[in-house]
Amino acid sequence: TQVSQRWCRLGYRKTSNDALFPSGATKATDEANVKATIARWFLHFHGTVASQADVDAMYAQVWLPLVGGGAEAGFVGLCSAFVRHPDWVFY
């Protein structure tokens, strides 16, 4: 867990990180942007197109509990959840 969080935090803090936030993507914390990021990361980390239910579940179960600690905590938590998921390891 600590390794994935550290990697994701470094990625989040990079000023130009096309892997996590490609050109045109923002780190805005409004619901629509966060859900778009989750959908994009499903494809990036798992190689699958996320269903709306998958996106909604990640938003409710990962993003909402963590974002109280700030945008960085929310995005790092989302990223590390994808990295720790078995689909990422085997993809």
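Values in this text are rule-based calculations from the coordinates and carry no lab data. Note that the structure is predicted; figures quoted are calculated from it, not measured. Quick reminder, even Gly has a Cβ in these numbers, built from the backbone with ideal geometry, and neighbours come from all protein chains shown.
Some notes on this structure:
- Phi-based couplings in Hz for region 41-46 (Karplus 6.51, -1.76, 1.60; Gly and Pro marked x): 5, 4, 5, 5, 8, 10
- Derived scalar couplings ³J(HN,Hα) [region 75-87; Karplus, 6.51 cos²θ - 1.76 cosθ + 1.60; whole Hz; x for Gly, Pro]: 5, 5, x, 4, 4, 5, 5, 5, 5, 7, 5, x, 4
- Normalised contact order of the chain, rounded percent, pairs of Cα under 8 Å and 6 or more residues apart: 34
- A simple packing score, the average count of other Cβ atoms within 10 Å per residue, orders the peptides 21-29, 73-81, 60-68 as 73-81, 60-68, 21-29, with the highest score first.
- Taking N as its residue count, the alpha carbon Rg of the chain over 2.2 N^0.38 Å: 0.98
- Charged side chains reduced to their Cβ positions (Lys and Arg at +1, Asp and Glu at -1) give the chain a dipole of some 360 debye around its Cα centre.
- Sum of -39500 (n - 2.57) over DSSP H runs of 4+, divided by residues of the chain (222 nm, nearest 500): -15500 deg cm²/dmol
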